[in-house]
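Contents: one structure, followed by commentary.
The values are calculated or read from the model by the stated rules, or taken from the named source; none is laboratory data. Because the structure is a prediction, the values reported are computed rather than measured. Methodologically, a virtual Cβ is constructed for each residue, glycine included, from the backbone with ideal geometry; neighbour enumeration extends over all protein chains shown. What goes into the accessible areas is simple: the full protein's heavy atoms, side chains included, and nothing from ligands, DNA or RNA. Shrake-Rupley method; radii C 1.70, N 1.55, O 1.52, S 1.80 Å.
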Amino acid sequence: MYNKNAWGKYDSPKEIMDFAEGYKAFISKGKTEREVVKQAIALAELRGFKDIYSFNRLHAGDKVYVTNKNKNFAAFIIGKEPVCNGLRVLGAHIDSPRLDVKSNPLYENTDFALLDTHYYGGIKKYQWVTVPLAIYGVVCKKDGTTVEIALGDKPEDPVFGISDLLVHLSADQMAKPGVKVIEGEDLDLTIGSMPLKGVDDKPVKANILKLLKDSYGIEEEDFLSAELEIVPAGPARDYGLDRSMVAGYGHDDRSCAYTSLMAILDSGVNEYTSCAVLVDKEEVGSIGATGAQSKWFENVVARLIALQGDYSDLKVRNAFELTKMLSSDVSAAYDPLYASVNEAKNSAYFGNGICLNKYTGRAGKAGCNDANPEYIAEIRAYFDANNINFQFSELGKVDAGGGGTIAYILGNYNMNVIDAGIAVLNMHAPMEIVSKVDLYEAYRAYKVFVSIE
Ligand code: MN
Ligand code: MN
């Protein structure tokens, strides 16, 4: 069903609401890519998926998962056709905009201890001050051990935050353009204000270092090999009197990651090998070992083919060329308060189901993956045949701005790929919003997609 509100299709909203509960739990715990990977492993193992390294040989119906550097995850159900005849892939990213702690972060200034940060991804910096924040990540020590940090989400935890100027003294600040209201170097996290007794030089910092030493065995230099991410504190919540929406951090792109993952975990064996792959670093260009541009996923598919006892380089290339993929990434929801940035006929509306983008990009479609109409027709036909609500949109009106996804990267393998995901309001803000029925329609659509023959 094209461009229709999906709620009316359901006699009762119960199955939609129930599905959203699972999602809320997932994003409330999954505040970073590492935390999402941990949950993905647990959910997959509950459903009988096994680590790829436990297989000597792969057969139709085998349920396999793979991880990479604690930041990538892929789940496969081996199809009736051999892997070299192509896969049905759902690809989502599990990194979200946030603040990362710098390598030399800790300092004391006027009786405060602070952590210096460097923002990650595209943010409106003014949105990240005066909101409760949590710290997640790892500190890797020289002795080879890793300390995990997760502070700010348990009820008994402290929270952290970034200060903003009181309105009484903000005349100059309020006259600045939005990009200058809060500057990147001012996004420093307040973490303490109590001096260590008997210390004269930077006693507040000394007290924080003592706490880190006592609680975690961490020295100041250990920040050099840490990866600590500052994210909004608190769980995802129902949004709206009718509870039709979810407010939470990281819907971009964990709403599509969860729905893609669950579509695979809840699927049976299909004609072709079905896959949900979760990648990192999309918000900064999909680069590096854990981004979509990494060779990792290609290597995994090569390994699957080898485990079917029939490896050749050409078979790996063929597998990619014959693969059909949805780039499961979110779309910008139409916001009636900011209607002017959209073109109404080609916008993504809450409740209207999974949102497809033939292309993204900016200006004259620069940097886009422009999906082939032959492929789009095939997907439309499957969605219609399975009563899936879907819509087609662009990221804002022409020349209003733009953005990209991982679609073009997989397109480089000559596979058919199109963006298909969930409409998000307040994208990249500490509190993003999605519609529960869109979540559910995306899940249903992804399940249908991996069954395409
Ligand atoms: Mn995204
Ligand atoms: Mn994004």
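Within the set Arg88, Arg98, the sole residue that is of a type in the set (Lys, Arg), open to solvent by less than 40 Å² (accessible area, probe 1.4 Å), under 22 Å from the mean Cα position of the chain (by Cα) and more than 16 Å from ligand 1 (Cβ to nearest atom) turns out to be Arg88.
Flag set for Met1, criterion: among the hydrophobic types (A, V, I, L, M, F, W, C), within 30 Å of Leu322 (Cβ to Cβ) and surrounded by fewer than 19 Cβ atoms within 10 Å (Cβ to Cβ). Looking at Ala276, Ala257, just one residue is in a strand (DSSP E or B), small (Gly, Ala, Ser) and within 16 Å of ligand 1 (Cβ to nearest atom), and that residue is Ala276.
What number of residues in region 312-354 are of a type outside the set (D, E, K, R), more than 16 Å from ligand 1 (Cβ to nearest atom), closer than 30 Å to Asn270 by Cα and surrounded by 15 or more Cβ atoms within 10 Å (Cβ to Cβ)?
Keep residues of region 312-354 that are of a type outside the set (D, E, K, R), which gives 312, 314, 316, 318-320, 322-323, 325-328, 330-334, 336-342, 344, 346-354.
In the following step, the residues that additionally are more than 16 Å from ligand 1 (Cβ to nearest atom) were identified as 312, 314, 316, 318-320, 322-323, 334, 336-342, 344, 346-347, 349-353.
Retained after the next criterion (residues that are closer than 30 Å to Asn270 by Cα): 312, 314, 316, 318-320, 322-323, 351-353.
Those left that are additionally surrounded by 15 or more Cβ atoms within 10 Å (Cβ to Cβ): 316, 318-320, 322-323, 351-353.
Of the residues in that region, 9 qualify.
Taken together, Asn369, Asn387, Asn426 contain a single residue that is over 17 Å from the mean Cα position of the chain (by Cα) and modelled with pLDDT of 95 or more, which is Asn387.
Whether any residue in region 345-357 is without any contact (Cβ under 8 Å) to a residue 40 or more places away in the chain and either farther than 23 Å from Ala276 by Cβ or touching an Asp or Glu at 6+ places or on another chain (Cβ under 7 Å) (or both) is what I want to check. Spell out how you get there, then give the answer.
To start, the set of residues in region 345-357 that are without any contact (Cβ under 8 Å) to a residue 40 or more places away in the chain comprises 345.
Filter again for either farther than 23 Å from Ala276 by Cβ or touching an Asp or Glu at 6+ places or on another chain (Cβ under 7 Å) (or both), leaving 345.
For region 345-357, residues without any contact (Cβ under 8 Å) to a residue 40 or more places away in the chain and either farther than 23 Å from Ala276 by Cβ or touching an Asp or Glu at 6+ places or on another chain (Cβ under 7 Å) (or both): present.
For region 282-296, the condition holds for at least one residue, the condition being that it is at negative phi, outside any loop (DSSP other than H, G, I, E, B), within 16 Å of ligand 1 (Cβ to nearest atom) and open to solvent by 40 Å² or more (accessible area, probe 1.4 Å).
Sub-8 Å Cβ pairs linking a first residue in region 367-394 that is hydroxyl-bearing (Ser, Thr, Tyr) to a second residue that is open to solvent by 60 Å² or more (accessible area, probe 1.4 Å) and assigned to a helix (DSSP H, G or I), at least 6 apart or interchain, number zero.
For residues in region 395-408 being at negative phi and more than 15 Å from ligand 1 (Cβ to nearest atom), which is least open to solvent (accessible area, probe 1.4 Å)? Only one residue fits best here, namely Ala400.
Residues in region 409-442 that are in contact with a Phe, Trp or Tyr (Cβ under 8 Å, 6 or more places away or on another chain), within 14 Å of ligand 2 (Cβ to nearest atom), open to solvent by 10 Å² or more (accessible area, probe 1.4 Å) and within 22 Å of Thr32 (Cβ to Cβ): Pro430 alone. Among what's in region 120-162 and is open to solvent by 80 Å² or more (accessible area, probe 1.4 Å) and in contact with a helix residue (DSSP H, G or I) (Cβ under 9 Å, 6 or more places away or on another chain), pick the residue that is farthest from Met427 (Cα to Cα). That would be Lys142.
To keep it simple, each residue is scored yes or no on (1) within 16 Å of ligand 2 (Cβ to nearest atom); (2) in contact (Cβ under 8 Å) with a residue 60 or more places away in the chain.
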residue: Tyr10; (1), (2): no, yes
residue: Glu33; (1), (2): yes, yes
residue: Tyr65; (1), (2): no, no
residue: Lys71; (1), (2): no, yes
residue: Pro82; (1), (2): no, yes
residue: Gly86; (1), (2): no, yes
residue: Leu90; (1), (2): no, yes
residue: Thr110; (1), (2): no, no
